[in-house]
Every structure is written in C-alpha cells, then in structure tokens.
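*Asks:* Got a structure for you, written out below as structure tokens; questions coming shortly.
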Amino acid sequence: MFEVQALGPTGRSAVVQRRGVERLQAILDAAEKLLAKQGYEAATLKAIGELAGIPTASLYHYFADRHQVDAELVRRHLSALDARLTAAATKSKARTLNDAIDVIIDEYLAYFREHPSFVQLWFAGRSPALEAMALAFDEAQAKRFWELLIEQKLIGSDTPQLVVQLAFEAGNRLFDVAFRRSPKGDDTTIGEARRLITAYLLTYATPASKRGKRK
C-alpha cells in the first residue's frame, strides 16, 4: 500500500485540540470548494480564509503557505485513490491485458471525475512538493501493476519494470490533455490513451493475454 507522509509540525501546531481540528477541516473544505468551482488560481490563502470564516492570520497557525494546503489535500486524495486502486486490482477478474488496463484507467478516471478539486491540484497546481508526491505515487502504482500483470501471466515474466512505468507516464500525460480539453476528462482523448497504452504493453504480452485485443 502506498503511503504519503503527513505534514510535520512545521507550519502547524504539533498538538491540535478539538477546535483546532474543526478549523483545520474547515480550511481544507474551503480550499476544496474553491479549487472545484473557481480553479487553482482562485484558491489563495486569503480566499480560503474568507470562505472558511477564519482570519488569514489564523491560517498560519495551521499552514505556512498555500503550498502546504495543497500538499495536505493531495496527501489525503492519494491515500483515498490508493485504497480504490488496491480494491479494484484485488477484485479484478481480468483475463486479458486489455481488461486489466481498463480496470486501472476506469478507476483513475472515476476518481478524477468525482473530485474536480484534485484535478486542479494534480494537473494545474504542481509545486515541487506535489511533483515529488506525484512521482512517488506513480512509481508505487506502476510497480504494483507490473507485479500484478506478471503474477496473472498477462505480460512476460522478464518484462522490465520500466516498461510499466513508461506506460503510466504516457497515461499521465494523456490524462492531463483530456482534463485540459474538458473538466470531466475528454472521452476521445481517454479512448486514445487506452489504445496507446494497450498497444505498447501488448508488445510484452503473453500469447494467452492477447485474446480480446482492443480494436
């Protein structure tokens, strides 16, 4: 299971009392709403404080800057997304490489569509800290998917892990394009992402896993 380290005491009190917990949640809820409705640029600390009903000066008891707000939101989203991907992979009865790829793409797509605030952070608000979190998450997911494909004999046992990492990188880029073309993720672009990733991974597929090849 992928783990994202929570923010340390820097910029936020190490011991937060009940009122502090409620305020923290109010800050994060306000940030989520602004990101979803008005986009990344609108979700400033000032705007977050106004929507949450918390003076801007008080926000600094919890977060040193808006990048820390972003990082905390992304940490929570990645934990939730990881749980969903894990559950989807565990329940999957995929018998072909096409089916296995669809399971992962469908879960990513559903999560992004359900959480527009995360779309803003993932594709528009990449600070160096978020880039590092995204890289670690993608590497962990690619490794797990690579292991799953080999375990289920959908790709050859000698397939380098790099192959699946590159497939994830390509998928990320095309998801970026899809969500720039439409807030809900352009279906045509997502379809092309499926074709590209499948065509690439099929070059490493076992004979049995090629049945039901995508047309």
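*Asks:* Go through 166, 121, 130, 174 for me and flag whichever is part of a helix (DSSP H, G or I) and more than 30 Å from residue 37 (Cβ to Cβ).
*Replies:* Criteria check complete, one pass: 166.
*Asks:* Now for a separate question. Quickly run through region 144-173 and pick out the residues that are of a type in the set (Val, Ile, Thr), in contact with a strand residue (DSSP E or B) (Cβ under 9 Å, 6 or more places away or on another chain) and under 20 Å from residue 92 (Cα atoms).
*Replies:* Across region 144-173, the qualifying residues are 155, 164.
*Asks:* Counting just the residues of region 71-86 that are charged (D, E, K, R) and more than 15 Å from residue 107 (Cβ to Cβ), which one comes out surrounded by the fewest Cβ atoms within 10 Å (Cβ to Cβ)?
*Replies:* Going through the qualifying residues, I end up with 76.
*Asks:* Six or more apart or on different chains, Cβ atoms under 7 Å: show the pairs whose first residue is in region 85-98 and in the same structural domain as residue 204 (by TED's automatic domain parsing) and whose second is assigned to a helix (DSSP H, G or I) and of a type in the set (Gly, Ala, Ser).
*Replies:* Pairs found: 92/100; 94/100; 96/209; 97/209.
*Asks:* Taking the condition of being modelled with pLDDT under 75, hydrophobic (A, V, I, L, M, F, W, C) and surrounded by 11 or more Cβ atoms within 10 Å (Cβ to Cβ), how many residues in region 1-45 meet it?
*Replies:* 5
*Asks:* Right, here's the next one. What number of residues within region 90-111 satisfy the criterion of being among the charged types (D, E, K, R) and under 15 Å from the mean Cα position of the chain (by Cα)?
*Replies:* Going through region 90-111 one residue at a time, the tally reaches 2.
*Asks:* Separate question: Taking into account only those residues within region 114-140 that are under 19 Å from residue 168 (Cβ atoms) and of a type in the set (D, E, K, R), which is modelled with the lowest pLDDT?
*Replies:* So the first thing to find is which residues in region 114-140 are under 19 Å from residue 168 (Cβ atoms), and the list is 118-119, 121-123, 126, 130-140.
Restricting the remaining residues to those that are of a type in the set (D, E, K, R) gives 126, 131, 138-139.
Details: 126: 75, 131: 90, 138: 95, 139: 96.
The residue in question is 126.
*Asks:* If residue 79 satisfies all but one of (1) among the polar types (S, T, N, Q); (2) farther than 30 Å from residue 33 by Cβ; (3) modelled with pLDDT of 95 or more, what's the number of the condition it fails?
*Replies:* (2)
*Asks:* Residues of region 157-173 being touching a Leu at 6+ places or on another chain (Cβ under 8 Å) and surrounded by fewer than 20 Cβ atoms within 10 Å (Cβ to Cβ), which ones?
*Replies:* Scanning region 157-173 gives 159, 163, 170.
*Asks:* Tell me, which helices (runs of 4 or more DSSP H) wholly within region 18-78 include 1 or more residues that are in contact with a Phe, Trp or Tyr (Cβ under 9 Å, 6 or more places away or on another chain)?
*Replies:* In region 18-78, the matching helices (runs of 4 or more DSSP H) lie at 18-38, 45-52.
*Asks:* Are any residues in region 190-199 more than 18 Å from residue 96 (Cβ to Cβ) and surrounded by 18 or more Cβ atoms within 10 Å (Cβ to Cβ), and if so, which ones?
*Replies:* Of everything in region 190-199, just one residue is more than 18 Å from residue 96 (Cβ to Cβ) and surrounded by 18 or more Cβ atoms within 10 Å (Cβ to Cβ), namely 190.
The values are calculated or read from the model by the stated rules, or taken from the named source; none is laboratory data. Small disclaimer: the values here were computed from a predicted structure and weren't measured. Reconstructed Cβ throughout: ideal geometry from the backbone, glycine too, with neighbour counts over all protein chains shown.
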